[in-house]
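These notes concern the structure reproduced below.
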Amino acid sequence: MARKKIIAGNWKMNMTPSEAVALVETLKPLVVNDQVDVVFCVPAIDIIPAMEAAKGTNINIGAENMYFEEKGAYTGEISPNMLKDAGVQYVIIGHSERREYFAETDETVNKKVLKAFEYDLTPIICCGETLTQREQGITIDWIRQQIKIAFLNVTADQAKKAVIAYEPIWAIGTGKVATTEQAEEVCAAIRVCIGEIYDEPTAEAIRIQYGGSVSASSAPELFAQPNIDGGLVGGASLKPDFGKIVNYK
Ligand code: PGA
């Protein structure tokens with residue numbers, strides 16, 4: 001069975017609630033495409049208003065992060081059940097900016113992934129190498145390690161529903177997109193790794209996105225690769241160009 005493409009915007013720390021509503025209104029008519037899953041991952045405070053604005057459309061409103069506990073004394077955090085109750089389906093886990101600025105590790109990523117599945121949320125699990133790692137030729141080793149720890153104790157049935165976003169850190173927000181060959185090579189290696197942890201059907205089912213300076217011009221070639229099932233898009237998801245990325249064909 002062919003995997004359905006999933007194209008997600010990552011708004012990062014942009015857009016006030018009223019700006020979020022305006023952006024959803026602008027993008028609404030541009031992102032119509034029933035061949036792909038369309039997700040806008042927005043700041044927590046924008047989730048409810050963005051969802052209201054997206055009602056009746058094909059847009060799924062997702063979250064950019066969550067904590068791995070249900071409730072309690074964790075000032076400032078958002079729990080999986082809060083997201084679930086708000087009607088969220090997708091949540092980005094372990095974005096490289098969370099790892100870099102908020103001290104997230106492969107271990108906390110794993111805890112969050114397990115918790116997301118417990119609440120029937122679909123994690124978009126991020127992985128990616130630094131430029132130094134790429135230059136040292138350890139990209140695949142590094143990514144395999146990130147994947148293996150992220151999926152510790154995750155069942156095959158859960159893994160089949162997961163989304164992985166391969167995002168080379170040197171390509172994020174830099175305008176320096178990975179070449180199609182580089183992106184496909186790593187996404188293929190991730191699929192092999194999932195096959196090793198689980199089995200062939202799981203490797204075939206899991207969706208793997210590429211992220212890092214995806215634009216309307218780079219999307220068509222990237223998304224045509226056999227192991228790239230869509231994209232996680234930062235900068236370009238805040239512009240009408242996102243409509244072109246969603247309708248890349
Ligand atoms: P970018 O961000 O498209 O602006 O490079 C991608 C991401 O961080 O998810």
TODO: Measure off 7 Å from each Cα along the Cα-to-Cβ vector at Tyr101 and Ala2, then give the distance between these two points in nanometres to one decimal.
DONE: 3.8 nm
TODO: Grab the Cα-Cα distance for Gln35 and Val192, subtract it from 0.36 nm times how many residues apart they are, and report the gain in nm with one decimal.
DONE: 54.0 nm
Open item on the list: Restricting everything to alpha-carbon atoms, can you work out Rg to Rh for segment 149-196 with a Kirkwood hydrodynamic radius?
Closed with: 1.05
- [ ] With an 8 Å cut-off on Cα pairs and a minimum separation of 6 or more residues, tell me the relative contact order of the chain in percent.
- [x] 21 percent
Task: 3J(HN,Hα) from dihedral phi, segment 129-135, Karplus parametrisation 6.51/-1.76/1.60, rounded to Hz, x for glycine, proline - done: 9, 7, 5, 4, 4, 5, 5
Open item on the list: Using the Karplus curve 6.51 cos²θ - 1.76 cosθ + 1.60 with θ = phi - 60°, what ³J(HN,Hα) values do you get for each residue of segment 2-15, in whole Hz, with x for Gly and Pro?
Closed with: 5, 7, 6, 5, 10, 10, 10, x, 10, 6, 6, 8, 10, 5
Task: Listed residues Thr132, Thr122, Thr26, most fluctuating in the chain (Gaussian network, C-alpha, under 10 Å) - done: Thr132
Task: Semi-axes of the equivalent ellipsoid for the chain, Cα gyration tensor, largest first, Å - done: 25, 22, 17
Open item on the list: Largest first, please: the extent of the C-alpha atoms of segment 126-249 along each principal axis, to the nearest Å.
Closed with: 39, 32, 22
Open item on the list: Could you check the spin-label model distance between Thr75 and Asp157? Points 7 Å from the Cα along Cα→Cβ, value in nm.
Closed with: 4.1 nm
- [ ] Answer rounded, prolate or oblate for segment 63-144, using the Cα gyration tensor with square roots of eigenvalues a ≥ b ≥ c: rounded when a/c is under 1.5, else prolate when a/b is larger than b/c, else oblate.
- [x] prolate
Task: Computed label-point distance, nm, for sites Lys55 and Lys28 using a 7 Å Cα→Cβ extension - done: 1.1 nm
Task: Cα centroid of segment 190-239 to Cα centroid of segment 111-165, whole Å - done: 13 Å
- [ ] Treat every Asp and Glu Cβ in the chain as -1 and every Lys and Arg Cβ as +1, leave all other atoms uncharged, and give the resulting dipole magnitude about the Cα centre to the nearest 20 debye.
- [x] 380 debye
TODO: Identify which of Met51, Met82, Met66 has the largest mean-square fluctuation in a Gaussian network model of the chain, with springs joining Cα atoms closer than 10 Å.
DONE: Met82
Open item on the list: Only Cα pairs within less than 10 Å get springs; with that Gaussian network setup on the chain, which residue of Gly87, Gly56, Gly212 has the largest fluctuation?
Closed with: Gly56
- [ ] Scan around Gly230 for amide H atoms under 5 Å from its own, H built in the peptide plane at 1.01 Å from N, and keep only partners 5 or more places away or cross-chain.
- [x] Ile6, Tyr210
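Each value in this text was obtained by applying a stated rule to the coordinates, not by laboratory testing. Every value quoted in this text rests on a predicted model; they were computed, and no experiment measured them. Neighbour counts are summed over all protein chains in view; Cβ atoms, including those assigned to glycine, are modelled from backbone coordinates with ideal geometry.
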